[in-house]
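Here's the structure, in structure tokens; my notes come after.
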């Protein structure tokens, strides 16, 4: 285990140091980061080398930031050969190539199997306040709601080299036609499938991976 520094990252390869941090509007409520504080994490390279240090995820820019012992914050981009472990969970850059969700995304590994895998896509989006088209007489503008960063994460199935957004409704899952409908109904009855719960989705992936 080696200290996470810019110099060590250059030696490791597959990581690109960005020129500057993104400056987000301080008037926006919430945070664009997975955790506004830095967590102790580990960067693991394909060759097995690893570096430990303070890391956080910028969910809006879809990159990572590291903090040195001197307090300096450096934004970095990684490729799909690099794994990031934070709080016991593994993240990796994926080529999603979606017109709806972007070309790339940092996904958290839920379970990776040969025929079917499950990932979580942590995201933040900006919610703008609703403004009335007609202001009531004497209304105070300083009472308007502020813009806010809100969670907009969801799960992906990865099957046949495609990332498929996991719906939250059972009917929509059937419409995807990626699972045999009769077997899916049987699984749902026995396992009380809940498409919003990660542990239930993992059970689903484990079951259909072997079929």
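When the Gaussian network model of the chain links Cα atoms closer than 10 Å, the mean-square fluctuations of 54, 152, 25 top out at 25.
The order of 157, 38, going from fewest to most other C-beta atoms within 10 Å of their C-beta, is 38, 157.
Exposure proxy shown here: for 121, 179, the number of other Cβ atoms within 10 Å sets the order, fewest to most, as 179, 121. Once you have a ≥ b ≥ c as the square roots of the Cα gyration tensor eigenvalues for the range 167-211, tell me rounded if a/c is under 1.5, and otherwise prolate or oblate according to whether a/b is larger than b/c. Rounded is the answer for the range 167-211, as its axis ratio a/c remains below 1.5. As a length-normalised measure over Cα pairs under 8 Å and 6 or more apart, the relative contact order of the chain settles at 16 percent.
Panel order for 124, 196, by other beta carbons found within 10 Å of each beta carbon, from fewest to most: 196, 124.
Bear in mind these aren't lab numbers, they're just calculated from the coordinates by the rules spelled out. Every value quoted in this text rests on a predicted model; they were computed, and no experiment measured them. No Cβ is skipped: glycine too gets one built from the backbone with ideal geometry, and neighbour counts run over all protein chains shown.
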